[in-house]
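Take a look at the structure set out below.
Each value in this text was obtained by applying a stated rule to the coordinates, not by laboratory testing. Treat the numbers as computed from the prediction; the structure is a model and nothing was measured. With ideal geometry, Cβ positions are generated from the backbone for all residues, glycine too; neighbour counts draw on all protein chains shown.
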Amino acid sequence: MASRNAQKPNEKFLLFAAQAGHTFIISTFLGRSDVDLNLRTGHSQTALSLAAKNGHGQIVEMLSSQREVDVNTQDQDGQTPLGWAVVNGHATVVASLVHNPNVRLDIQDIEGRTPLSWAIINRQELILGILLERLGLCCDRGSREALFRSADGLTRLSKARADCATQTA
């Protein structure tokens, strides 16, 4: 079923409940044939994206376990539910999502960044460890620190390039 923007009051209520963390309300929507769990906000975020973005782990588990829910849906910024959980530092939500074998770690947002690159850029050691484990890569603390230093250097290099381009324009 193609996802669409919420228009009816009960559809908007599903999205509000996911964003606000109302677990009981979400549970009443599950299993109903008249509810599209992939409904979108005006910014193309689904209930799963909103729950992940706001750190509502139980709702993320409830929704991501539903067969019809697209766990890799992208919003208008290209961000996925996993991407939002990483960007906002919700490690338990990240752990929950990566246990779902359908969740992809390689989806890029409109800036060309993946959840893994966001974890490195934001120096989120715990989340980085969770993502690397899902990829089958074990990496000690020293190796993670090297990744963080590399990201810091790339960020400085990108900023210097942008400053140089501005000065020559």
Requested in this report: Considering Cα pairs under 8 angstrom that are at least six residues apart, work out the relative contact order of the stretch 1-90 and quote it in whole percent.
Outcome: 28 percent
Report task. Determine the gain in length on full extension of the stretch Arg32-Phe13; use 0.36 nm per residue of separation and subtract their C-alpha separation, reporting nm with one decimal. Result -> 5.4 nm
Report summary line: Nearest-0.05 FRET efficiency for Ser65 and His43 at R0 = 22 Å, using Cβ-Cβ distance, is 0.35
Query raised in the report: When the dipole is taken about the Cα centre of the stretch 9-138, and only Lys, Arg (+1) and Asp, Glu (-1) are charged at their Cβ, what size is it in debye, to the nearest 20?
Result: 160 debye
Query raised in the report: Amide H to amide H under 5 Å from Arg40: which residues, 5+ apart in sequence or cross-chain, H placed 1.01 Å off N in plane?
Result: Arg4, Asn5, Ala6
Requested in this report: Return the distance in nm (one decimal) between the two label points of a simple spin-label model at Glu125 and Ile25, each offset 7 Å from Cα along Cα→Cβ.
Outcome: 3.8 nm
